[in-house]
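The values are calculated or read from the model by the stated rules, or taken from the named source; none is laboratory data. Given the structure is predicted, the values throughout are model-derived calculations rather than measurements. Glycine also receives a Cβ, built like all others from the backbone with ideal geometry; neighbour counts cover every protein chain displayed.
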Amino acid sequence: MNIVLLGPPGSGKGTQAKRIAEKKRIAPLATGEMLRAEVLSASALGLSVKGIIERGDLVPDAIMIAMIEKRIGDNPSGFILDGFPRDLAQAEALDTMLAARGQKLDRVVLLKIGEEALVDRISGRFTCRGCGASYHDRYQRPRVEGVCDLCGGKDFERRPDDNAPVVRARFAVYRRQTEPIVGYYEKRGILSRVDGTGAVEEVAEAIDRVLG
Ligand SMILES: [Zn+2]
């Protein structure tokens, strides 16, 4: 089964993609992780993207497409893509590479979560510096105020980009790039929309229902 998972940054896509991959016994292909792995292994591809990533630039389409194509070839039993395609050109390139192998996409799942829900979810996040446990101002406060449930630590941190203006800016980019892809897959009749606002387990169940 070949699946694409779409959703805004912070929608919990990565977590869901890993879970689906295990359940369906298909390869989780997350572009961020793939790029980091290429850089770490100092492959030819890794060396060519290292500087680009370090400068904070977007990796060119041709490189992303080559990387995806290699992984798809390595995983004939199927995959779930997270982070690709990012725009219409990449969506078309994916179709072309699959068609060349006599394959196709079976399902595209769109995790739907509104801008306000996303801001609410992300901007309240903080983690324990001692053990990395995750908390949230409203949804998951420590049982004892200011003390980590797991390690008893009292030192917490917030990521500087977990704030409302950054979340809104990322969401705007996502929406501009993704809307054309959504239309593209919808016309083909392979798009399923899933409510991404609930708890991880609820979202997981909704995804399982559309994947069958
Ligand atoms: Zn802790």
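Structure values in brief
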{"read-out": "So Leu81, is it under 20 Å from Val200 (Cα atoms) and either within 16 Å of the ligand (Cβ to nearest atom) or crowded, with 18+ Cβ neighbours inside 10 Å (or both)", "value": "yes"}
{"read-out": "Count of residues meeting criterion [in a loop (DSSP other than H, G, I, E, B) and more than 15 Å from the ligand (Cβ to nearest atom)] in region 155-165", "value": "5"}
{"read-out": "Odd one out for Val119 among (1) out of contact with any Lys or Arg (no Cβ under 8 Å at 6 or more places or on another chain); (2) closer than 28 Å to Leu58 by Cα", "value": "(1)"}
{"read-out": "Boolean, Ser43 is over 30 Å from Gly124 (Cβ atoms), among the hydroxyl-bearing types (Ser, Thr, Tyr), surrounded by 13 or more Cβ atoms within 10 Å (Cβ to Cβ) and modelled with pLDDT under 95", "value": "yes"}
{"read-out": "Flag for Asp87 being of a type in the set (Asp, Glu) and under 17 Å from the mean Cα position of the chain (by Cα)", "value": "yes"}
{"read-out": "Only one of Gly212, Gly189, Gly146 that is of a type in the set (Gly, Ala, Ser) and within 16 Å of the ligand (Cβ to nearest atom)", "value": "Gly146"}
{"read-out": "Selection status of Asp106, of a type in the set (D, E, K, R), free of Cβ contacts under 8 Å to residues at least 12 places away in the same chain and more than 16 Å from the ligand (Cβ to nearest atom)", "value": "no"}
{"read-out": "Residue match in region 110-123 (condition: more than 20 Å from the chain's Cα centre (by Cα) and among the hydroxyl-bearing types (Ser, Thr, Tyr))", "value": "no"}
{"read-out": "Check on Gln177, over 21 Å from Gly12 (Cα atoms), more than 16 Å from the ligand (Cβ to nearest atom), of a type in the set (S, T, N, Q) and surrounded by 12 or more Cβ atoms within 10 Å (Cβ to Cβ)", "value": "no"}
{"read-out": "Close pairs from region 58-74: first farther than 15 Å from Leu94 by Cβ, partner among the small types (Gly, Ala, Ser) and surrounded by 15 or more Cβ atoms within 10 Å (Cβ to Cβ), Cβ under 8 Å, at least 6 apart", "value": "Asp74/Ala27"}
{"read-out": "Region 119-143, subset more than 16 Å from the ligand (Cβ to nearest atom) and among the hydrophobic types (A, V, I, L, M, F, W, C), residue modelled with the lowest pLDDT", "value": "Ile122"}
{"read-out": "Test result for Gly183, loosely packed, with under 15 Cβ neighbours inside 10 Å and either in a helix (DSSP H, G or I) or not assigned by TED's automatic domain parsing to the domain that holds Arg86 (or both)", "value": "yes"}
